[in-house]
Amino acid sequence: KDFVSVPDLLDIHFDFDRSDIRPAAAQVLEANARWLKAHPDHLILIEGHTDERGTNEYNVALGDRRATSSMSYLVSHGVQAGRITVISYGEDRPVCEGPHEGCWSRNRRAHFAVKPR
C-alpha cells in the first residue's frame with residue numbers, strides 16, 4: 001500500500017535555506033508525535049520539500065535535511081525511528097506555483113504520510 005496523508009498530521013514549514021525547526025513547527029511536531037504514538041500500527045513517511053530557488057541537487061539535499069530534522073524531532077519525542085522513512089522531493093512537488101514569497105513559503109515544508117504496517 002502507498003502512504004497517505006491524514007488530516008491529523010500537519011505539515012511544518014521552514015525558513016529560506018534552513019532546516020532547523022522553528023518554534024511554531026515544534027508545536028506541530030509535538031502534536032504529530034502524540035498522534036503517531038497513539039497509532040503505533042502505522043509506518044511514517046516524511047517528505048522534505050523546498051521552493052524553486054537553487055539547483056536541483058542543492059534542493060534535494062536541503063529537502064533531505066528538512067525531513068531528517070523532522071524525523072529527529074519526532075524520535076526525541078518518543079516515536080520509534082524504525083517506523084520512519086524520509087525522502088526528499090526538493091522542488092519537484094510544489095503545493096503552490098508562483099515566483100513569489102507567498103508560494104515559496106508554502107513549498108518549504110516537511111509533509112507527513114502514513115500507512116498500516
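The values are calculated or read from the model by the stated rules, or taken from the named source; none is laboratory data. Model, not experiment: these values are computed from the prediction. Note that each Cβ is placed from the backbone with ideal geometry, even for glycine, and that neighbours are counted across all protein chains shown. Surface accessibility is based on the protein's heavy atoms, side chains included, excluding ligands, DNA and RNA. Shrake-Rupley method; radii C 1.70, N 1.55, O 1.52, S 1.80 Å.
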Gain in length, Ala81 to His39, computed as 0.36 nm per residue apart minus the alpha-carbon separation, to one decimal in nm?
-> 13.7 nm
Compute the accessible area per residue over the chain, keeping the other protein chains in place, probe 1.4 Å, unit Å².
-> 53
Given 20 °C, 1.002 mPa s and a Kirkwood radius over Cα pairs, the Stokes-Einstein diffusion coefficient of segment 63-107 in µm²/s is 178
Antiparallel DSSP beta bridges within the chain, as percent of all bridges there, nearest 5 | 60
For the chain, built as a Gaussian network whose Cα springs stay under 10 Å, the top-fluctuating residue of Ala24, Ala67, Ala33 | Ala24
The ³J(HN,Hα) series, computed from each phi in segment 101-112 with the Karplus coefficients 6.51, -1.76 and 1.60 at θ = phi - 60°, rounded to the nearest Hz and given as x for glycine or proline, is 4, x, 7, 4, 5, 6, 7, 7, 8, 10, 10, 10
How many percent of the alpha carbon pairs in the chain exceed a separation of 19 Å?
-> 40
Restrict the search to segment 15-117; then list the chymotrypsin sites (Phe, Trp or Tyr not before Pro) that DSSP places in a loop and that have at most 13 other Cβ atoms within 10 Å of their Cβ.
-> Phe16
